[in-house]
Amino acid sequence: MGNKVDNARNGAKAGHNREPEKDVAELGVDGWLRKEIIGSKEVLEKQLGIKVNAFAYPFGMYNQKCLDVVKEAGYEAAFTVYGQLLPYSAPKD
């Protein structure tokens, strides 16, 4: 009881944070972005044994490349820091 799997299955929100400076230097910006968005989803799903279906843009910041990678990753929904649902058809400004 009280472990991360039980917490997630009982509705707790889970997130995955990394050390971006190391990855950007090694992978480049596009590779780092894919690792952050797609790779973290895979890690969470494996560790928690559940489907991760929502993404929150860090600090609410995103651009077209972020939107494309989130869609590619298979997230069903993405949100800004204000809890605003951001559909794939949202304006990119």
**Q.** Net length gained if the chain between Lys71 and Ala56 were fully extended (0.36 nm per residue, minus Cα distance)
**A.** 4.1 nm
Q) Which residues' amide hydrogens lie under 5 Å from the amide hydrogen of Phe55, considering only partners 5 or more residues apart or on another chain, with H built in the peptide plane? A) Ala77, Ala78, Phe79
Q: With label points built 7 Å along Cα→Cβ from the Cα atoms of Ala25 and Gln64, find their separation and express it in nm.
A: 3.2
Q. Once you put a point 7 Å from the Cα of Phe79 and another 7 Å from the Cα of Val43, both along the Cβ direction, what distance in nm separates them?
A. 2.1
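Every number here is computed from the coordinates shown, using simple stated rules; none is lab data. Just so it is clear, the structure is predicted and the values come from calculations on it, not from any experiment. Because the Cβ atoms are built from the backbone with ideal geometry, glycine has one as well, and the counts that use them run over all protein chains shown.
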